[in-house]
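Okay, structure first, notes after.
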Amino acid sequence: MQKQQQLDQLLRSVAESAGQLNGAERRHFLKNGLALLGGAGLASAASGTAAQAMPPGIPSWTGSLGSAVNTNPYGMPSPHEADLQRRTVEWLTADKMASVSFTPLADLKGIITPSGVVFERYHAGLPDVDPSQHRLMIHGMVDRPLIFSMEDLMRFPSVSMIRFLECPANGGMEWRVAQMDRLQFSHGMLSCCEWTGVLLSTLLQECGVQKGAKWILAEGSDGSHMSRSIPMEKAMDDALIVYAQNGEALRPEQGYPVRLINPGWEGNTCVKWLRRLEIGDKPWYHREETSKYTDLLPSGKAREFTFVQEANSVLTNPCPEKPLTKPGKLWVEGLAWSGRGRIKHVDVSFDGGVSWREARFTSIVEPRALTRFGVEWDWNGNPALLQSRAVDETDYVQPTYRQLRDARGSSSIYHKNAIHTWKLNGDGSVVNAQLA
């Protein structure tokens, strides 16, 4: 009885509000307002206090005091956002000590990835590093071998830059066939953060690089001693020794207390828990640049040192995690990125690439950073094939699967940046698909 009285009061309030409008406005208001009550208010009456929270009702949470200031000294997300989390694919790796978790791209806004959901990639589990005992050593072909404490590093001029971080195996399970059932799993080895630290070139100048030095070996302090050879050109360009992420100290999963960031390059070159940099005149050809992180070609040969992450894009809404509920006008959006520089242009197709529409950018456009784009679309309820295609400032165009396979075959794991297709079904559900 009480619920019915609440609903009656709500209907009277709607009628009173409508009485203050002119004829056309009143008809529009009542048509839409009563439809809302029919679809939501009546159903809410059966579900308790939900109807009361609907305008012009007064939500119950406005009638009492909330939590006090500093209840959570380190702020936490709302419990209503508990589904926003990294996830793993159970069958992907044999052991979680050398595995990966995926960023929930479909649930993110803008271009900055919250630190707590940046994808993880470990080669020997997550080390617990004491920053007071951690040191970074630079040695080899330098005039002055030096060892830096964290305090030492923070004495140098700091630099902040927004850059994406992507594992070269992102999408690697899709080379032969579409098989991942979520955007999170098809593209989720990808994040974008504000990274703060000291330019590697600044530290190298402090040490004095000797003539003939052309390569740097970066080694981490995890159990695998993850290491990669880095060309001197990149080190002297924009490589960053990072100690902060999104305005706070690095998260342990992201290399706390210090890591290397090579903007636009394979994520595995961005060595975490960085402990030493050895300067030399040639690459080291360690395990992670011979048996791993090389791209097998149809000839049986492999491309080596394929550092740059090529232009890529994906639609984030709609996607399998974000199906459509009904036909009508909607906002289709996605993310684009390129290790070559800025994104110049993005097109969106609703018919599998037969025709294209230019999207507009809805975020800042930074080099080697995620760029958000979108386009309006009036969905008529029929099945559709949704795609996006990115072009970067070097005029590199994101390839089709056929173009990519013609050049590199289908035996690789890395650098899969083909145009991605979502199949939109008539009921609004979205599934992963591939077009040749």
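Counting only strands (runs of 3 or more DSSP E) that fall entirely inside the range 254-361 and contain at least 1 residues that are surrounded by fewer than 22 Cβ atoms within 10 Å (Cβ to Cβ) and not acidic (Asp, Glu), the qualifying elements are 274-280, 312-317, 328-337, 343-349. Of everything in the range 191-204 that is open to solvent by less than 10 Å² (accessible area, probe 1.4 Å) and more than 24 Å from Leu217 (Cα to Cα), the residue that is nearest to the chain's Cα centre (by Cα) is Ser191. Scanning the range 108-120 for residues that are over 21 Å from Gly197 (Cβ atoms) and open to solvent by 50 Å² or more (accessible area, probe 1.4 Å) turns up just one, Lys109.
Only a single item in (1) closer than 18 Å to Asn246 by Cβ; (2) touching a strand residue (DSSP E or B) at 6+ places or on another chain (Cβ under 6 Å); (3) assigned to a helix (DSSP H, G or I) is not met by Ala106, and it is number (1). Residues that are touching a strand residue (DSSP E or B) at 6+ places or on another chain (Cβ under 9 Å), among the acidic types (Asp, Glu) and open to solvent by 40 Å² or more (accessible area, probe 1.4 Å) within the range 121-176 comprise Asp143, Asp152, listed in sequence order. Residue count for the range 401-428 satisfying the condition of being open to solvent by less than 50 Å² (accessible area, probe 1.4 Å) and out of contact with any Cys (no Cβ under 9 Å at 6 or more places or on another chain): 17. What residue, among those in the range 118-169 that are part of a helix (DSSP H, G or I) and in contact (Cβ under 8 Å) with a residue 40 or more places away in the chain, is farthest from Asp95 (Cα to Cα)? Per the stated criteria, the residue is Leu153. Considering (1) farther than 23 Å from Gly172 by Cα; (2) in contact (Cβ under 8 Å) with a residue 40 or more places away in the chain, the lone condition that Leu370 does not fulfil carries the number (1).
The values are calculated or read from the model by the stated rules, or taken from the named source; none is laboratory data. Keep in mind that what you see is a predicted model, and the values were worked out from it rather than measured. Every residue, glycine as well, gets a Cβ built from its backbone with ideal geometry; the counts of neighbours run over all protein chains shown. The accessibility values were calculated without ligands, DNA or RNA, using every heavy atom of the protein model including side chains. Shrake-Rupley method; radii C 1.70, N 1.55, O 1.52, S 1.80 Å.
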